[in-house]
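The structure appears below as structure tokens.
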Amino acid sequence: MNSEKGNAVQEKSYAFALRIVKMYKWLCEEKREFVLSKQLLRSGTSIGANVEEAIGGMSGKDFSAKMGIAYKEARETHYWLRLLNDSELIGNAAFESIRDDCEELLKLIGSICKTMKNRNSDS
């Protein structure tokens, strides 16, 4: 759909995926936690992958569908982060920082989805 440079959701979702990969490695190496961390890795990196697919979409409908999936993956990631924090596998400071990034992505992607939905209903 749109460009490469200066795309906030694209840049933020990629940076978030990098943080998720680092957290996954830390959880595996330091905490010896492999099940929840794998779920986090899958959903947390899928956000950016779906944003990339949306940007490369062939139509507005394709763009909206992929952004919708990115939003759902961000919701799932938010869940895994909360679970990891509440089970004391990650500390509050690390949790709050990455949770804030996740919530920022949720707001950004949610806003894009809402705009696309409104745009599609107007046509």
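Taken together, the values in this text are just the output of simple stated rules run on the coordinates, not laboratory data. These numbers were taken from a predicted model, which means no experiment stands behind them. Glycine gets a Cβ as well: all are built from the backbone with ideal geometry, and neighbour counts include every protein chain shown.
Some points to look at:
- Relative contact order (%) - the chain, alpha-carbon pairs under 8 angstrom, separation at least six: 28 percent
- The dipole here belongs to the chain: it is taken about the Cα centre, uses +1 on the Cβ of Lys and Arg and -1 on the Cβ of Asp and Glu, and is about 260 debye.
- Segment 13-123: proportion of alpha-carbon pairs further apart than 19 angstrom, %: 44 percent
- Cα-Cα over 32 Å, subset of LYS22/LYS107; LYS25/LYS114; LYS38/LYS107; LYS12/LYS117; LYS25/LYS61: LYS25/LYS114; LYS25/LYS61
- Qualifying GluC sites (Glu not before Pro) in segment 36-100, where qualification requires a DSSP coil assignment and no more than 15 other C-beta atoms within 10 Å, comprise GLU88.
- Once the Cα atoms are used to define both axes, helix 92-122 deviates from the longest principal axis of the chain by about 20 degrees.
- Annotation note: trypsin sites (Lys or Arg not before Pro) in segment 1-53 located in DSSP loop regions with a Cβ neighbour count of at most 16 within 10 Å are LYS5, LYS31, ARG32.
- Note on segment 8-122: dipole from Cβ charges, positive end direction compared against ALA93, ALA65, TRP80; the farthest Cα belongs to ALA65.
- Computed from Cα atoms, the angle from the helix 35-55 axis to the main principal axis of the chain rounds to 20 degrees.
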